[in-house]
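A short write-up of the structure that comes next.
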Amino acid sequence: MQDFSFYNPTRIEFGPGKIAKIDKLVPKDAKVLILLGGESAKKNGTLDEVLAALGERDSQVFSGIEPNPSYETMMQAVAVVKQHKIDFLLAVGGGSVIDGTKFVAAAALYPDDAWQILVTGGKHIKQALPFGTVLTLPATGSEMNSGSVITNKSLQAKLPFGSSLLYPQFSILDPVKTYSLPQKQIANGVVDAFVHVMEQYLTYADDAPVQDRFAEGLLQTLIEIGPKALAEPENYQVRASLMWTATLALNGLIGAGVPQDWSTHMLGHELTAIHGLDHAQTLAIVLPEMLRQRKASKMTKLVQFAERVWHIEHGTDDEKAEAAIEKMRAFFESVGVATRLSDYQLGAEHIEPLIESLIKHNMVALGEHGDVTPDLCRSILQASL
Ligand code: NZQ
Ligand code: ZN
């Protein structure tokens, strides 16, 4: 286990009707901007519940944050914040709305060109507006972490940034609010959460039994409840477990003190930036071959993944590793997330621009050993056709 600092100040209010707690959590004299995506929060009654909880507070709504939130849209929200001297932000939606809100919280007080926040990965953020979230889509863990991913549409760049100043003060997790989700988004959430765990678990053995067991428990839970969440859309207990599992998959706990990979995510972001694929779809395409082509350095954890998560007991180490990778691919397909580039009408001709984009974004030494190069990414994509 490696040395680490763990800090997570986000208060979680979990359960039906907890949106009402906003009245206790947002200062009475706050000037609030509620940030929304498209129509879902209005249609499923979440916005009405939020407005009721805010009561007489001075509040207004900014809507239209698109999936894979854009710099261009978020800068419009920054203008609203500055014009109306907003001092508290409230994100109501999924990861895109929450990530966009994190960007606004930082950009509203950033002294330089706000795109530099992304170019520098957030390392020069010195202050940020306070914000809370009401989560309506279990997937990213953004409700309880300090990271965000923003797309500059004109540059076709989708980049991550983070800062310890960008933890939500609180997040309201009401599983009932997920009932209105389309199947595709539930499936995306299961896959995104699964890959978050894998980025922090499937690296190399580092004497971290508690993190390993915690990660394996999250993976097994997703395997068990993912299909149920699709089959029984209003099963509260299943949705509650899915919501909490997705949050725990990326709130810093399982990643504390262990090596982390994240190369699947960085390559996946390029697929979203250039071809508009959903975030989880890009992960389902990339991860199987990312693991296969890096089997040698990942073998110990691949065998552990095979034995403990998929209960594969027989065969050589290599056979166990191969079987586990294919079980994982079959799991993604079983919840309806396809795992080949060709499933998304992408072919060999689309690979080179993706590699060029990786290089342009300096994503050239990825992974827990810094050895995932553009050339390796090229062969991973070629094997994922
Ligand atoms: O726009 P609205 O109307 O809200 O509809 C959304 C959107 O179209 C809809 N939706 C959300 N809640 C709903 C609902 N529809 C019906 N009922 C509800 N209760 O779902 C669609 C997708 O929403 P989105 O927020 O884009 O999905 P998700 O939560 O998967 O977020 C994806 C974004 O998160 C980033 C991804 O890169 C992507 O931009 N990530 C953020 C991370 C983080 N901050 O830690 C880590 C992740 O790896 C990921 O990169
Ligand atoms: Zn993700």
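Taking the condition open to solvent by less than 40 Å² (accessible area, probe 1.4 Å), under 22 Å from HIS361 (Cα atoms), assigned to a helix (DSSP H, G or I) and among the hydroxyl-bearing types (Ser, Thr, Tyr), does THR272 pass?
Answer is yes for this residue.
Of GLU56, GLU39, which residue is in the same structural domain as GLY94 (by TED's automatic domain parsing), at pLDDT below 95 and open to solvent by 40 Å² or more (accessible area, probe 1.4 Å)?
When all the criteria are applied, what remains is GLU39.
Which residue pairs have Cβ atoms closer than 8 Å, lie 6 or more positions apart in sequence or on different chains, and pair a first residue in segment 230-251 that is over 24 Å from SER148 (Cα atoms) and free of Cβ contacts under 8 Å to residues at least 12 places away in the same chain with a second residue that is among the basic types (Lys, Arg) and part of a helix (DSSP H, G or I)?
If the second residue must be among the basic types (Lys, Arg) and part of a helix (DSSP H, G or I), the pairs left are ASN235/LYS228.
Among the candidates VAL364, VAL337, which residue alone is part of a loop (DSSP other than H, G, I, E, B), farther than 28 Å from GLN220 by Cα and not assigned by TED's automatic domain parsing to the domain that holds THR140?
Of VAL364, VAL337, the one residue that is part of a loop (DSSP other than H, G, I, E, B), farther than 28 Å from GLN220 by Cα and not assigned by TED's automatic domain parsing to the domain that holds THR140 is VAL364.
Suppose we filter PRO259, PRO233 for residues that are out of contact with any helix residue (DSSP H, G or I) (no Cβ under 8 Å at 6 or more places or on another chain), more than 14 Å from ligand 2 (Cβ to nearest atom) and of a type outside the set (Phe, Trp, Tyr); which single one remains?
PRO259
Sort out which residues of segment 167-199 are outside any loop (DSSP other than H, G, I, E, B) and closer than 30 Å to LEU54 by Cα, and write them in order of number.
Passing the criteria: PHE170, SER171, ILE172, LEU173, PRO175, VAL176, LYS177, THR178, GLN185, ILE186, GLY189.
Please state which one of SER163, SER148 is of a type outside the set (Lys, Arg), modelled with pLDDT of 95 or more and within 16 Å of ligand 2 (Cβ to nearest atom).
None of the others qualify; the one that does is SER148.
Tell me the strands (runs of 3 or more DSSP E) entirely within segment 64-166 that contain at least 3 residues that are within 16 Å of ligand 1 (Cβ to nearest atom) and hydrophobic (A, V, I, L, M, F, W, C).
The qualifying strands (runs of 3 or more DSSP E) are 88-93, 131-135, 157-162.
The values are calculated or read from the model by the stated rules, or taken from the named source; none is laboratory data. As the structure is a prediction and not an experimental result, all values here were calculated from the model. Counting neighbours? That spans all protein chains shown, and the Cβs are built from the backbone with ideal geometry, glycine included. Side chains are part of the model used for accessible areas, which takes the heavy atoms of the whole protein and leaves out ligands, DNA and RNA. Shrake-Rupley method; radii C 1.70, N 1.55, O 1.52, S 1.80 Å.
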